[in-house]
1. Only residues that are free of Cβ contacts under 8 Å to residues at least 40 places away in the same chain and under 15 Å from the mean Cα position of the chain (by Cα): list them for the range A:93-106, please.
2. What's the total number of residues in the range A:99-115 that are surrounded by fewer than 24 Cβ atoms within 10 Å (Cβ to Cβ) and either more than 12 Å from chain B (Cβ to nearest Cβ) or outside any helix (DSSP H, G or I) (or both)?
3. With respect to A:Leu46, is the statement that it is out of contact with any helix residue (DSSP H, G or I) (no Cβ under 6 Å at 6 or more places or on another chain) and either of a type in the set (Ser, Thr, Tyr) or in a helix (DSSP H, G or I) (or both) true?
4. If you check B:Gly173, B:Gly158, which single one turns out to be modelled with pLDDT under 80 and either within 14 Å of chain A (Cβ to nearest Cβ) or open to solvent by less than 60 Å² (accessible area, probe 1.4 Å) (or both)?
5. Would you check if there is a residue in the range B:177-197 being surrounded by fewer than 19 Cβ atoms within 10 Å (Cβ to Cβ), over 13 Å from B:Phe37 (Cα atoms), more than 12 Å from every other protein chain (Cβ to nearest Cβ) and within 18 Å of the chain's Cα centre (by Cα)?
6. Tell me, yes or no, whether the range A:49-72 has at least one residue that is more than 14 Å from chain B (Cβ to nearest Cβ), under 20 Å from A:Leu200 (Cα atoms) and either part of a loop (DSSP other than H, G, I, E, B) or in contact (Cβ under 8 Å) with a residue 24 or more places away in the chain (or both).
7. Among the candidates B:Ser60, B:Ser55, which residue alone is among the small types (Gly, Ala, Ser) and over 20 Å from the mean Cα position of the chain (by Cα)?
8. Right, A:Ile206: buried (at least 24 other Cβ atoms within 10 Å of the Cβ), touching an Asp or Glu at 6+ places or on another chain (Cβ under 6 Å) and closer than 30 Å to A:Glu17 by Cβ or not?
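The values are calculated or read from the model by the stated rules, or taken from the named source; none is laboratory data. All figures in this text were calculated on a predicted structure; none of them were measured in a lab. Cβ placement follows ideal geometry from the backbone for every residue including glycine, while neighbour counts extend to all protein chains displayed. Quick note on the areas: whole protein, heavy atoms, side chains included, nothing else; ligands and nucleic acids left out. Shrake-Rupley method; radii C 1.70, N 1.55, O 1.52, S 1.80 Å.
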Amino acid sequence: MDKKLVVSSSPHIRTIESVQSVMTDVLIALFPAALMAVLLFGYKALLTMVISVVTAMAVEALWLRKRDLFSDGSAAVTGLLFAMVLPPAPPWWLVVIGAASSIIIGKQVFGGIGYNIFNPALVGRAVVVMSWGARMAGPIWPQPQPFAFTADISAVTMATPLAAQQEALSYSLASMFIGVMPGCLGETSTLALLLGGAWLYYKGHIDWRIPGGFIGTVFIFGLLFGGAFYGGPFETGLFHVLAGGVMIGAIFMATDMVTTPVTANGRLIFGIGCGLITMLIRLWGSMPEGVTFAILIMNGVTPIIDNFTIPRQFGGVKKSA
Amino acid sequence: MKHKPSYWQEFTKGILKENPVLVALLGMCPVLGVTAFVVNGVGMGLAAAAVLIASNLVVSLLRNLIPPQVRIPCFIVVIATFVTIIEMVLEAFLPVLYEALGVFVPLIVVNCVILGRAEAFASKNKPLRAVLDGVGSGIGFTLALLLLSLVREIIGQGTILGPDPETVIHLFGADFEPMILFAQPAGAFIALGLLLAVVNSVYKRFNIK
(Lines give C-alpha, C1' and ligand atoms only; values in the text may rest on other atoms or scores of the structure.)
Protein backbone atom coordinates (compact mmCIF):
# COMPACT_ATOMS: atom_id res chain seq x y z
CA MET A 1 0.00 0.00 0.00
CA ASP A 2 1.33 3.36 -0.94
CA LYS A 3 -0.50 6.01 0.97
CA LYS A 4 0.64 9.54 0.28
CA LEU A 5 -1.64 11.12 2.77
CA VAL A 6 -2.26 9.73 6.20
CA VAL A 7 -5.13 11.35 8.02
CA SER A 8 -5.12 11.00 11.76
CA SER A 9 -6.28 13.04 14.69
CA SER A 10 -3.97 14.93 17.03
CA PRO A 11 -1.56 14.64 18.83
CA HIS A 12 0.93 14.42 16.01
CA ILE A 13 4.11 15.06 17.91
CA ARG A 14 4.84 12.73 20.77
CA THR A 15 7.60 12.94 23.33
CA ILE A 16 9.75 9.93 23.92
CA GLU A 17 9.75 10.82 27.61
CA SER A 18 7.90 8.48 29.91
CA VAL A 19 7.51 8.34 33.65
CA GLN A 20 10.10 5.60 33.66
CA SER A 21 12.64 7.61 31.65
CA VAL A 22 12.19 10.68 33.86
CA MET A 23 12.58 8.61 37.02
CA THR A 24 15.69 6.95 35.62
CA ASP A 25 17.13 10.40 34.93
CA VAL A 26 16.44 11.42 38.53
CA LEU A 27 18.16 8.26 39.76
CA ILE A 28 21.19 9.10 37.59
CA ALA A 29 21.13 12.63 38.99
CA LEU A 30 21.12 11.28 42.52
CA PHE A 31 24.11 9.02 41.85
CA PRO A 32 26.88 11.60 42.63
CA ALA A 33 25.24 12.43 45.96
CA ALA A 34 24.79 8.75 46.80
CA LEU A 35 28.42 8.08 45.93
CA MET A 36 29.54 10.98 48.13
CA ALA A 37 27.41 9.61 50.97
CA VAL A 38 29.15 6.24 50.77
CA LEU A 39 32.59 7.87 50.51
CA LEU A 40 31.92 10.06 53.55
CA PHE A 41 29.87 7.80 55.80
CA GLY A 42 30.88 4.32 54.69
CA TYR A 43 28.89 1.12 54.48
CA LYS A 44 26.18 2.23 56.90
CA ALA A 45 25.06 4.94 54.49
CA LEU A 46 24.95 2.38 51.69
CA LEU A 47 22.93 0.03 53.88
CA THR A 48 20.46 2.79 54.77
CA MET A 49 19.93 3.63 51.10
CA VAL A 50 19.46 -0.01 50.11
CA ILE A 51 16.94 -0.70 52.90
CA SER A 52 14.99 2.43 52.04
CA VAL A 53 14.84 1.81 48.28
CA VAL A 54 13.93 -1.87 48.67
CA THR A 55 11.21 -1.09 51.24
CA ALA A 56 9.72 1.65 49.09
CA MET A 57 9.62 -0.54 45.99
CA ALA A 58 8.25 -3.56 47.88
CA VAL A 59 5.49 -1.54 49.59
CA GLU A 60 4.49 0.05 46.28
CA ALA A 61 4.42 -3.32 44.52
CA LEU A 62 2.38 -4.87 47.33
CA TRP A 63 -0.07 -1.95 47.41
CA LEU A 64 -0.59 -2.02 43.64
CA ARG A 65 -0.49 -5.84 43.58
CA LYS A 66 2.18 -5.75 40.88
CA ARG A 67 4.94 -8.28 40.32
CA ASP A 68 7.21 -5.69 38.72
CA LEU A 69 9.36 -4.32 41.52
CA PHE A 70 10.93 -1.39 39.65
CA SER A 71 7.78 -0.59 37.65
CA ASP A 72 7.79 3.10 36.70
CA GLY A 73 10.71 3.81 39.02
CA SER A 74 8.92 6.40 41.13
CA ALA A 75 9.06 4.25 44.25
CA ALA A 76 12.81 3.79 43.86
CA VAL A 77 13.24 7.58 43.55
CA THR A 78 11.07 8.19 46.61
CA GLY A 79 12.99 5.56 48.57
CA LEU A 80 16.39 6.97 47.61
CA LEU A 81 15.34 10.56 48.30
CA PHE A 82 13.97 9.51 51.68
CA ALA A 83 17.27 7.82 52.56
CA MET A 84 19.14 10.98 51.48
CA VAL A 85 17.41 13.04 54.17
CA LEU A 86 18.02 10.54 56.97
CA PRO A 87 20.97 10.53 59.38
CA PRO A 88 23.73 8.28 58.01
CA ALA A 89 23.17 5.40 60.42
CA PRO A 90 19.56 5.22 61.66
CA PRO A 91 18.14 1.95 63.05
CA TRP A 92 16.75 -0.28 60.28
CA TRP A 93 13.17 -0.21 61.56
CA LEU A 94 13.11 3.59 61.36
CA VAL A 95 14.14 3.42 57.70
CA VAL A 96 11.53 0.74 56.96
CA ILE A 97 8.65 2.55 58.68
CA GLY A 98 9.63 5.88 57.16
CA ALA A 99 9.94 4.52 53.62
CA ALA A 100 6.63 2.68 53.96
CA SER A 101 4.96 5.87 55.27
CA SER A 102 6.38 7.78 52.30
CA ILE A 103 4.70 5.42 49.86
CA ILE A 104 1.44 4.83 51.74
CA ILE A 105 0.64 8.11 53.54
CA GLY A 106 2.62 10.26 51.14
CA LYS A 107 1.47 8.84 47.83
CA GLN A 108 -0.91 5.90 47.59
CA VAL A 109 -3.72 7.18 49.85
CA PHE A 110 -4.08 10.16 47.50
CA GLY A 111 -4.44 7.88 44.48
CA GLY A 112 -0.87 7.06 43.54
CA ILE A 113 1.66 8.74 41.32
CA GLY A 114 0.56 12.12 39.98
CA TYR A 115 -2.16 12.63 42.58
CA ASN A 116 -0.18 13.20 45.76
CA ILE A 117 -0.38 16.66 47.32
CA PHE A 118 2.84 16.46 49.31
CA ASN A 119 6.31 15.30 48.38
CA PRO A 120 6.28 11.63 49.45
CA ALA A 121 9.91 11.48 50.61
CA LEU A 122 9.40 14.54 52.81
CA VAL A 123 6.17 13.11 54.22
CA GLY A 124 8.23 10.09 55.26
CA ARG A 125 10.82 12.35 56.83
CA ALA A 126 8.16 14.37 58.66
CA VAL A 127 6.68 11.14 60.04
CA VAL A 128 9.99 9.93 61.47
CA VAL A 129 10.98 13.39 62.75
CA MET A 130 7.68 13.70 64.61
CA SER A 131 7.86 10.13 65.91
CA TRP A 132 11.49 9.65 66.87
CA GLY A 133 12.74 13.20 67.33
CA ALA A 134 15.67 12.15 69.49
CA ARG A 135 17.08 10.05 66.64
CA MET A 136 16.60 12.75 64.02
CA ALA A 137 17.91 15.89 65.72
CA GLY A 138 20.45 17.03 68.28
CA PRO A 139 24.05 15.90 68.59
CA ILE A 140 23.49 12.56 66.87
CA TRP A 141 25.29 13.20 63.61
CA PRO A 142 28.34 11.05 62.86
CA GLN A 143 31.54 12.75 61.87
CA PRO A 144 32.29 12.06 58.19
CA GLN A 145 35.26 9.75 57.66
CA PRO A 146 36.23 10.06 54.01
CA PHE A 147 37.28 6.85 52.22
CA ALA A 148 36.90 4.71 55.36
CA PHE A 149 34.30 2.33 54.01
CA THR A 150 34.11 -0.03 56.96
CA ALA A 151 34.58 2.53 59.75
CA ASP A 152 32.13 2.58 62.63
CA ILE A 153 30.81 6.07 62.01
CA SER A 154 28.54 6.03 65.07
CA ALA A 155 31.56 6.23 67.38
CA VAL A 156 31.91 10.01 67.19
CA THR A 157 28.73 12.05 66.91
CA MET A 158 28.10 15.77 67.04
CA ALA A 159 25.60 18.45 66.10
CA THR A 160 25.20 19.83 62.59
CA PRO A 161 26.75 23.20 61.66
CA LEU A 162 23.28 24.73 61.89
CA ALA A 163 22.77 23.76 65.53
CA ALA A 164 25.14 26.33 67.03
CA GLN A 165 27.43 29.09 65.84
CA GLN A 166 30.43 27.44 67.47
CA GLU A 167 29.80 24.28 65.49
CA ALA A 168 29.39 26.32 62.34
CA LEU A 169 32.77 28.01 62.64
CA SER A 170 34.66 24.71 62.64
CA TYR A 171 33.75 24.06 58.98
CA SER A 172 35.17 26.12 56.16
CA LEU A 173 32.98 27.04 53.21
CA ALA A 174 35.14 24.85 50.99
CA SER A 175 34.72 21.73 53.14
CA MET A 176 30.97 22.39 53.31
CA PHE A 177 30.86 22.71 49.53
CA ILE A 178 32.55 19.34 49.10
CA GLY A 179 30.46 17.85 51.89
CA VAL A 180 32.86 17.09 54.73
CA MET A 181 30.50 18.03 57.56
CA PRO A 182 27.98 16.14 59.69
CA GLY A 183 24.45 16.03 58.31
CA CYS A 184 21.90 13.86 56.57
CA LEU A 185 23.63 11.30 54.40
CA GLY A 186 22.78 12.84 51.05
CA GLU A 187 22.56 16.51 51.87
CA THR A 188 26.12 17.38 52.85
CA SER A 189 27.85 17.55 49.47
CA THR A 190 26.76 20.65 47.56
CA LEU A 191 29.16 19.72 44.77
CA ALA A 192 27.56 16.33 44.14
CA LEU A 193 24.05 17.77 44.34
CA LEU A 194 24.92 20.52 41.85
CA LEU A 195 26.24 17.89 39.44
CA GLY A 196 22.95 16.02 39.69
CA GLY A 197 21.02 19.28 39.31
CA ALA A 198 22.98 20.14 36.17
CA TRP A 199 22.04 16.78 34.66
CA LEU A 200 18.35 17.30 35.45
CA TYR A 201 18.49 20.82 34.03
CA TYR A 202 20.23 19.57 30.89
CA LYS A 203 17.52 16.94 30.46
CA GLY A 204 14.85 19.59 30.97
CA HIS A 205 13.26 18.02 34.03
CA ILE A 206 13.67 20.98 36.34
CA ASP A 207 13.01 24.67 35.95
CA TRP A 208 15.67 27.10 37.22
CA ARG A 209 12.97 29.20 38.90
CA ILE A 210 12.36 26.91 41.87
CA PRO A 211 15.98 26.22 42.91
CA GLY A 212 16.92 29.77 41.91
CA GLY A 213 14.16 31.35 43.98
CA PHE A 214 14.80 28.99 46.89
CA ILE A 215 18.58 29.33 47.08
CA GLY A 216 18.52 33.05 46.23
CA THR A 217 16.06 33.80 49.01
CA VAL A 218 18.06 31.78 51.53
CA PHE A 219 21.24 33.61 50.52
CA ILE A 220 19.71 37.10 50.69
CA PHE A 221 17.96 36.34 53.96
CA GLY A 222 21.17 34.97 55.47
CA LEU A 223 23.06 38.02 54.22
CA LEU A 224 20.55 40.49 55.68
CA PHE A 225 19.44 38.83 58.91
CA GLY A 226 21.92 36.02 59.60
CA GLY A 227 24.32 38.26 61.47
CA ALA A 228 27.95 38.41 60.44
CA PHE A 229 29.05 35.54 62.67
CA TYR A 230 30.65 33.63 59.80
CA GLY A 231 33.24 36.26 58.95
CA GLY A 232 30.93 38.74 57.27
CA PRO A 233 27.38 39.03 55.95
CA PHE A 234 28.28 37.68 52.51
CA GLU A 235 29.94 34.58 53.99
CA THR A 236 26.99 34.07 56.36
CA GLY A 237 24.66 34.08 53.38
CA LEU A 238 26.80 31.46 51.66
CA PHE A 239 26.95 29.46 54.88
CA HIS A 240 23.14 29.24 55.00
CA VAL A 241 23.04 28.04 51.41
CA LEU A 242 25.67 25.34 51.92
CA ALA A 243 24.61 24.11 55.38
CA GLY A 244 21.77 21.72 56.01
CA GLY A 245 19.26 20.58 53.43
CA VAL A 246 18.85 23.68 51.25
CA MET A 247 20.70 22.26 48.25
CA ILE A 248 19.04 18.84 48.20
CA GLY A 249 15.69 20.47 48.99
CA ALA A 250 15.99 23.08 46.27
CA ILE A 251 17.33 20.76 43.56
CA PHE A 252 15.52 17.48 44.22
CA MET A 253 12.57 18.00 46.58
CA ALA A 254 11.14 21.37 45.59
CA THR A 255 11.33 20.52 41.89
CA ASP A 256 9.10 17.45 42.11
CA MET A 257 6.78 17.74 39.11
CA VAL A 258 3.66 16.56 40.88
CA THR A 259 3.63 18.69 43.99
CA THR A 260 4.83 22.06 42.68
CA PRO A 261 3.19 24.79 40.56
CA VAL A 262 3.05 24.38 36.79
CA THR A 263 3.15 28.07 35.86
CA ALA A 264 6.46 29.92 35.45
CA ASN A 265 5.61 32.72 37.87
CA GLY A 266 4.09 30.21 40.24
CA ARG A 267 7.37 28.31 40.37
CA LEU A 268 9.28 31.45 41.25
CA ILE A 269 6.79 32.21 44.03
CA PHE A 270 7.06 28.61 45.21
CA GLY A 271 10.86 28.77 45.40
CA ILE A 272 10.88 32.11 47.21
CA GLY A 273 8.25 30.84 49.65
CA CYS A 274 10.33 27.76 50.42
CA GLY A 275 13.41 29.90 51.06
CA LEU A 276 11.48 32.33 53.23
CA ILE A 277 9.93 29.66 55.47
CA THR A 278 13.25 27.80 55.72
CA MET A 279 15.02 30.92 56.95
CA LEU A 280 12.19 31.90 59.31
CA ILE A 281 12.47 28.47 60.95
CA ARG A 282 16.29 28.53 60.99
CA LEU A 283 16.70 32.01 62.44
CA TRP A 284 13.70 32.37 64.71
CA GLY A 285 12.16 28.90 65.02
CA SER A 286 12.74 26.25 67.64
CA MET A 287 14.32 23.80 65.18
CA PRO A 288 17.80 24.22 63.68
CA GLU A 289 16.63 23.25 60.17
CA GLY A 290 13.38 23.96 58.35
CA VAL A 291 13.71 22.77 54.76
CA THR A 292 11.38 19.78 55.20
CA PHE A 293 8.49 21.74 56.63
CA ALA A 294 9.08 24.71 54.31
CA ILE A 295 8.64 22.53 51.24
CA LEU A 296 5.69 20.62 52.72
CA ILE A 297 3.91 23.88 53.58
CA MET A 298 4.52 25.25 50.08
CA ASN A 299 3.29 21.93 48.61
CA GLY A 300 0.06 22.58 50.48
CA VAL A 301 -0.48 26.02 48.91
CA THR A 302 0.58 24.95 45.41
CA PRO A 303 -2.99 24.82 44.02
CA ILE A 304 -3.60 28.38 45.25
CA ILE A 305 -0.37 29.62 43.64
CA ASP A 306 -1.32 27.92 40.38
CA ASN A 307 -4.74 29.54 40.49
CA PHE A 308 -3.34 33.04 40.95
CA THR A 309 -0.67 32.79 38.27
CA ILE A 310 -2.61 31.41 35.29
CA PRO A 311 -0.93 33.12 32.33
CA ARG A 312 -3.11 35.16 29.98
CA GLN A 313 -3.55 33.56 26.58
CA PHE A 314 -1.93 35.41 23.71
CA GLY A 315 -4.48 37.92 22.47
CA GLY A 316 -6.78 37.17 25.36
CA VAL A 317 -8.42 39.77 27.50
CA LYS A 318 -7.89 40.13 31.20
CA LYS A 319 -10.85 38.80 33.07
CA SER A 320 -12.71 41.59 34.80
CA ALA A 321 -12.81 41.19 38.52
CA MET B 1 -47.59 6.86 55.73
CA LYS B 2 -44.25 5.17 55.55
CA HIS B 3 -43.57 1.92 57.34
CA LYS B 4 -42.08 2.71 60.71
CA PRO B 5 -38.76 1.00 61.54
CA SER B 6 -38.87 -1.52 64.36
CA TYR B 7 -37.52 -0.66 67.80
CA TRP B 8 -34.60 -3.00 67.14
CA GLN B 9 -33.73 -1.07 63.99
CA GLU B 10 -33.92 2.24 65.88
CA PHE B 11 -31.47 0.81 68.37
CA THR B 12 -28.93 -0.75 65.99
CA LYS B 13 -28.74 1.89 63.28
CA GLY B 14 -26.54 4.18 65.37
CA ILE B 15 -23.97 1.44 66.00
CA LEU B 16 -22.95 0.53 62.45
CA LYS B 17 -25.17 1.87 59.67
CA GLU B 18 -25.34 5.45 60.88
CA ASN B 19 -22.38 5.47 63.23
CA PRO B 20 -22.02 9.11 64.29
CA VAL B 21 -18.23 9.12 63.91
CA LEU B 22 -17.31 6.52 61.32
CA VAL B 23 -20.15 7.27 58.90
CA ALA B 24 -21.52 10.72 59.70
CA LEU B 25 -18.16 12.22 60.83
CA LEU B 26 -19.85 14.18 63.61
CA GLY B 27 -18.28 15.30 66.88
CA MET B 28 -14.75 15.36 65.49
CA CYS B 29 -13.49 17.66 68.25
CA PRO B 30 -13.58 15.12 71.12
CA VAL B 31 -12.84 12.27 68.71
CA LEU B 32 -9.50 13.81 67.79
CA GLY B 33 -8.85 15.58 71.08
CA VAL B 34 -9.06 12.91 73.77
CA THR B 35 -8.23 9.65 72.04
CA ALA B 36 -4.52 9.51 72.85
CA PHE B 37 -5.36 7.00 75.63
CA VAL B 38 -8.01 4.28 75.62
CA VAL B 39 -9.19 5.19 79.12
CA ASN B 40 -9.81 8.80 78.10
CA GLY B 41 -11.45 7.84 74.83
CA VAL B 42 -13.88 5.41 76.41
CA GLY B 43 -14.54 7.77 79.33
CA MET B 44 -15.37 10.53 76.88
CA GLY B 45 -17.58 8.18 74.85
CA LEU B 46 -19.54 7.03 77.89
CA ALA B 47 -19.96 10.57 79.25
CA ALA B 48 -21.27 11.79 75.90
CA ALA B 49 -23.50 8.71 75.59
CA ALA B 50 -25.05 9.38 79.02
CA VAL B 51 -25.80 12.98 78.05
CA LEU B 52 -27.12 11.84 74.69
CA ILE B 53 -29.58 9.33 76.14
CA ALA B 54 -30.86 11.71 78.81
CA SER B 55 -31.20 14.68 76.48
CA ASN B 56 -32.90 12.56 73.81
CA LEU B 57 -35.50 11.49 76.39
CA VAL B 58 -36.19 15.00 77.67
CA VAL B 59 -36.21 16.61 74.22
CA SER B 60 -38.63 13.95 73.04
CA LEU B 61 -40.91 14.53 76.03
CA LEU B 62 -40.87 18.29 75.44
CA ARG B 63 -41.16 18.06 71.64
CA ASN B 64 -44.72 19.39 71.53
CA LEU B 65 -44.02 22.22 73.95
CA ILE B 66 -40.92 23.66 72.26
CA PRO B 67 -41.78 26.32 69.64
CA PRO B 68 -39.89 25.53 66.42
CA GLN B 69 -38.45 29.05 66.15
CA VAL B 70 -36.41 28.70 69.35
CA ARG B 71 -35.85 24.96 69.35
CA ILE B 72 -32.02 25.07 69.15
CA PRO B 73 -31.62 27.23 72.31
CA CYS B 74 -34.10 24.95 74.08
CA PHE B 75 -32.11 21.84 73.09
CA ILE B 76 -28.92 23.50 74.26
CA VAL B 77 -30.45 24.30 77.66
CA VAL B 78 -31.51 20.66 78.07
CA ILE B 79 -28.13 19.33 76.95
CA ALA B 80 -26.17 21.82 79.08
CA THR B 81 -28.14 20.74 82.14
CA PHE B 82 -27.10 17.12 81.71
CA VAL B 83 -23.53 18.06 80.85
CA THR B 84 -23.30 20.01 84.09
CA ILE B 85 -24.59 17.00 86.02
CA ILE B 86 -22.09 14.66 84.29
CA GLU B 87 -19.28 17.14 84.91
CA MET B 88 -20.04 17.23 88.64
CA VAL B 89 -20.34 13.43 88.81
CA LEU B 90 -17.00 12.99 87.04
CA GLU B 91 -15.30 15.54 89.26
CA ALA B 92 -16.63 13.85 92.38
CA PHE B 93 -16.10 10.18 91.54
CA LEU B 94 -13.49 10.03 88.74
CA PRO B 95 -11.23 13.04 89.35
CA VAL B 96 -8.34 11.58 87.33
CA LEU B 97 -10.49 11.13 84.25
CA TYR B 98 -12.04 14.55 84.82
CA GLU B 99 -8.58 16.13 84.83
CA ALA B 100 -7.52 14.22 81.73
CA LEU B 101 -10.57 15.18 79.70
CA GLY B 102 -10.24 18.79 80.78
CA VAL B 103 -12.10 21.29 78.62
CA PHE B 104 -13.65 18.54 76.51
CA VAL B 105 -16.20 17.74 79.25
CA PRO B 106 -18.00 21.12 79.15
CA LEU B 107 -17.61 21.03 75.37
CA ILE B 108 -20.00 18.05 75.25
CA VAL B 109 -22.69 20.78 75.24
CA VAL B 110 -21.83 21.63 71.66
CA ASN B 111 -21.11 18.05 70.55
CA CYS B 112 -22.83 17.79 67.18
CA VAL B 113 -23.74 14.14 67.72
CA ILE B 114 -25.98 15.09 70.64
CA LEU B 115 -27.41 18.22 69.05
CA GLY B 116 -27.82 16.33 65.78
CA ARG B 117 -29.82 13.49 67.35
CA ALA B 118 -31.96 16.00 69.27
CA GLU B 119 -32.73 18.00 66.14
CA ALA B 120 -33.03 15.16 63.64
CA PHE B 121 -34.61 12.46 65.74
CA ALA B 122 -35.68 13.11 69.32
CA SER B 123 -37.72 16.21 68.51
CA LYS B 124 -39.81 14.22 66.02
CA ASN B 125 -40.24 10.87 67.78
CA LYS B 126 -41.82 9.36 70.86
CA PRO B 127 -39.74 8.96 74.04
CA LEU B 128 -39.11 5.19 73.79
CA ARG B 129 -37.78 5.48 70.25
CA ALA B 130 -35.71 8.53 71.22
CA VAL B 131 -34.09 6.65 74.10
CA LEU B 132 -33.33 3.61 71.92
CA ASP B 133 -31.84 5.90 69.31
CA GLY B 134 -29.76 7.60 72.00
CA VAL B 135 -28.47 4.30 73.37
CA GLY B 136 -27.56 3.06 69.89
CA SER B 137 -25.81 6.27 68.84
CA GLY B 138 -24.08 6.44 72.22
CA ILE B 139 -22.73 2.91 71.81
CA GLY B 140 -21.64 3.73 68.26
CA PHE B 141 -19.86 6.88 69.42
CA THR B 142 -18.12 5.03 72.25
CA LEU B 143 -17.09 2.17 69.96
CA ALA B 144 -15.58 4.58 67.44
CA LEU B 145 -13.60 6.35 70.17
CA LEU B 146 -12.48 2.97 71.53
CA LEU B 147 -11.21 1.90 68.10
CA LEU B 148 -9.36 5.14 67.41
CA SER B 149 -7.84 5.35 70.88
CA LEU B 150 -6.73 1.71 70.69
CA VAL B 151 -4.85 2.44 67.46
CA ARG B 152 -3.38 5.66 68.83
CA GLU B 153 -2.35 4.33 72.23
CA ILE B 154 -0.84 1.06 70.99
CA ILE B 155 1.15 2.69 68.18
CA GLY B 156 1.74 6.11 69.72
CA GLN B 157 2.57 5.05 73.29
CA GLY B 158 3.21 1.31 73.11
CA THR B 159 0.93 0.88 76.11
CA ILE B 160 -2.64 0.06 76.98
CA LEU B 161 -4.74 1.23 79.95
CA GLY B 162 -2.34 4.17 80.43
CA PRO B 163 -1.40 6.75 81.49
CA ASP B 164 -2.17 5.73 85.11
CA PRO B 165 1.04 3.99 86.29
CA GLU B 166 -1.00 1.50 88.38
CA THR B 167 -2.93 0.03 85.48
CA VAL B 168 -0.65 0.69 82.51
CA ILE B 169 0.59 -2.31 80.54
CA HIS B 170 3.66 -1.93 78.34
CA LEU B 171 2.94 -4.10 75.36
CA PHE B 172 6.34 -4.28 73.74
CA GLY B 173 8.80 -4.12 76.62
CA ALA B 174 10.84 -1.22 77.93
CA ASP B 175 13.12 -0.82 74.88
CA PHE B 176 10.25 -0.17 72.52
CA GLU B 177 10.32 3.28 70.95
CA PRO B 178 6.71 4.22 70.18
CA MET B 179 5.71 6.14 67.07
CA ILE B 180 4.97 9.34 68.98
CA LEU B 181 3.38 10.92 65.91
CA PHE B 182 0.18 8.99 66.63
CA ALA B 183 0.00 10.41 70.15
CA GLN B 184 0.14 13.95 68.72
CA PRO B 185 -2.77 15.92 67.21
CA ALA B 186 -1.42 15.58 63.65
CA GLY B 187 -1.31 11.82 64.13
CA ALA B 188 -4.93 11.86 65.30
CA PHE B 189 -5.98 13.09 61.87
CA ILE B 190 -3.80 10.53 60.08
CA ALA B 191 -5.03 7.70 62.32
CA LEU B 192 -8.67 8.72 61.82
CA GLY B 193 -8.19 8.89 58.05
CA LEU B 194 -6.60 5.45 57.91
CA LEU B 195 -9.26 4.03 60.27
CA LEU B 196 -12.05 5.43 58.07
CA ALA B 197 -10.44 3.84 55.02
CA VAL B 198 -10.38 0.46 56.75
CA VAL B 199 -13.95 0.85 58.04
CA ASN B 200 -15.21 1.85 54.58
CA SER B 201 -13.63 -1.17 52.95
CA VAL B 202 -15.10 -3.45 55.65
CA TYR B 203 -18.53 -1.87 55.13
CA LYS B 204 -18.20 -2.42 51.39
CA ARG B 205 -17.13 -6.01 51.88
CA PHE B 206 -20.10 -6.85 54.11
CA ASN B 207 -22.49 -4.58 52.26
CA ILE B 208 -23.46 -2.43 55.23
CA LYS B 209 -25.36 0.62 54.06
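1. Step one: filter the range A:93-106 for residues free of Cβ contacts under 8 Å to residues at least 40 places away in the same chain, giving A:93, A:97, A:101, A:105-106.
Across the range A:93-106, the qualifying residue is only A:Gly106.
2. 6
3. On the way: out of contact with any helix residue (DSSP H, G or I) (no Cβ under 6 Å at 6 or more places or on another chain): no; either of a type in the set (Ser, Thr, Tyr) or in a helix (DSSP H, G or I) (or both): yes.
Answer is no for this residue.
4. Details: B:Gly158 fails: modelled with pLDDT under 80.
Matching residue, one of B:Gly173, B:Gly158: B:Gly173.
5. Yes: one or more hits.
6. We begin by selecting, within the range A:49-72, every residue more than 14 Å from chain B (Cβ to nearest Cβ); these are A:49-62, A:64-72.
Next, only the ones that are under 20 Å from A:Leu200 (Cα atoms) stay: A:72.
Filter once more, keeping what is either part of a loop (DSSP other than H, G, I, E, B) or in contact (Cβ under 8 Å) with a residue 24 or more places away in the chain (or both): A:72.
Yes, some residue in the range A:49-72 is more than 14 Å from chain B (Cβ to nearest Cβ), under 20 Å from A:Leu200 (Cα atoms) and either part of a loop (DSSP other than H, G, I, E, B) or in contact (Cβ under 8 Å) with a residue 24 or more places away in the chain (or both).
7. Values: B:Ser55 fails: over 20 Å from the mean Cα position of the chain (by Cα).
After applying the criteria, what remains is B:Ser60.
8. Numbers: buried (at least 24 other Cβ atoms within 10 Å of the Cβ): yes; touching an Asp or Glu at 6+ places or on another chain (Cβ under 6 Å): no; closer than 30 Å to A:Glu17 by Cβ: yes.
In short, no.
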